[in-house]
Structures are given as structure tokens and as C-alpha cells.
Amino acid sequence: MSNIEIFIYKDTGEALENTLFGQRLERYNQAIREETKRKLIVGSQVIFRVLRLYNLSDQLLLQAFAKSAHEIENLPFYVSFSNSDLFHVLAISKTPVGIDAEVLRNRSDFVYDTYLGKGDKDCKKKFFYKKWLEKEAKFKISYCSSKQEMYYQRLSEIVIGIYGTKHPNLSAFKINNLKNEPVRIDMYEF
């Protein structure tokens, strides 16, 4: 295993059975929007399928359908999960890791100017996303007191913020279909 392995899935709308139970099923039943319900089902499937690659016990694997990724107990590594729009991203690491993913969108000048002041829109857009990703990724490992660093990677229309160990060996994988094995991909610095 690399220091940090990142798995990315873009929801294609494939039919998925609702296998949620426990806290995840409660959250599903409370959700008003169909988009939220779909994200819960897809996210749990992504987590389950990725964790299955690590030859974990069925007892550990089934937690993917009952709990949020960060609540899964007794894993031999650390996990962090994020979703944005149709994208679901799971990070697995030997050391604490926080991750956030965002679809890159052009926001209005008003948004950038309000939060970042006047200036070049392209520079502000990049800065805006870096700050947003950092806030979210750091929050996901706020329990960790060891020194971590932020890294930013880009894959097509998404940018991923990774808060983890110094000089990590990053490996990225794309999940094209939830029934197939992930394929190694290259990501680019953002």
C-alpha cells in the first residue's frame, strides 16, 4: 500500500440495491431529497467495494452499510470519504488522513470578491478552492494532533484536498463500474 491511496467513482446512475441498515438507513429515511438518498447508497457501495480489496472480514465490510466511513471500527488503516455532485472519493492511509473533493465550478465575481477581495478571478478561484478543501479535510481529522500537510490534486473536473503525512506517496484509482476492479490513474497537482 502507498502512504495514501485515493479511489474515485463518478456515479453513472447504475441500479443499486439499498442495502443500508443502522445509522445509514436512519439517515436515508430522514433524507428529503432523492439526491441525498442516492449519495448515501452509492457512497456506502463505494466504501464497501474498496474495503473489500483489502481482504477484510465480512464483519468489517458490512459496517460500510451501517456507518459513515470515519465511524467504521477496527480497520487496519485510516479512511476518509468525501462526495461532491456525482463524485465519491475515498482515501486510505497508514497514517491519519482527511480528504475533501469538490467539483470545480465558476462562481460569481460577487462570491470571490466577498471572501477574497478584488483581484484576478482565476487566481481567486484557485485560492477559494484550496481554502475550502483545507477547511474540510482538516476537520475530518481534527482528532489527530500530529503534524500534517495539505496537498491538492486535480482530475478532470474535480479537485481533491488531502491533509496527511509529509511527502506522501500518493496512488490514485478510478472506479469505472462498481462491479469491476479500480484502474490506476494519474492525478495532477492543483
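Brief remarks follow.
- Scope region 79-104; condition more than 12 Å from GLN148 (Cβ to Cβ), touching a helix residue (DSSP H, G or I) at 6+ places or on another chain (Cβ under 9 Å) and modelled with pLDDT under 95; matching residues: LEU104
- The single condition among (1) in contact with a helix residue (DSSP H, G or I) (Cβ under 7 Å, 6 or more places away or on another chain); (2) among the charged types (D, E, K, R); (3) buried (at least 18 other Cβ atoms within 10 Å of the Cβ); (4) closer than 21 Å to ALA172 by Cα that ARG24 does not meet is (4).
- Selection from region 59-90 of residues that are outside any helix (DSSP H, G or I), under 21 Å from GLY161 (Cα atoms) and not hydroxyl-bearing (Ser, Thr, Tyr): PHE77, VAL79, PHE81, ASN83, ASP85, LEU86, PHE87, HIS88, VAL89, LEU90
- Looking only at region 1-58, residues that are in a helix (DSSP H, G or I) and on the phi > 0 side of the Ramachandran plot come to 1 in all.
- Checked against the criterion of being surrounded by fewer than 16 Cβ atoms within 10 Å (Cβ to Cβ), of a type in the set (A, V, I, L, M, F, W, C) and closer than 25 Å to ASN177 by Cβ, the candidates VAL46, VAL42, VAL103, VAL79 yield just one match: VAL103.
- Within region 122-156, the residues that satisfy the criterion of being part of a helix (DSSP H, G or I) and among the acidic types (Asp, Glu) are ASP122, GLU134, GLU136.
- Number of the exception - ASN177 against (1) in a strand (DSSP E or B); (2) touching a residue at least 24 places away in the same chain (Cβ under 8 Å): (1)
- Residue list for region 132-182, restricted to those being out of contact with any Gly (no Cβ under 8 Å at 6 or more places or on another chain), surrounded by fewer than 16 Cβ atoms within 10 Å (Cβ to Cβ) and under 12 Å from ILE4 (Cβ atoms): LYS166, HIS167, ASN169
The values are calculated or read from the model by the stated rules, or taken from the named source; none is laboratory data. Computed from a predicted model, the values in this text were never measured in an experiment. Cβ atoms come from the backbone with ideal geometry, glycine included; neighbour counts cover every protein chain shown.
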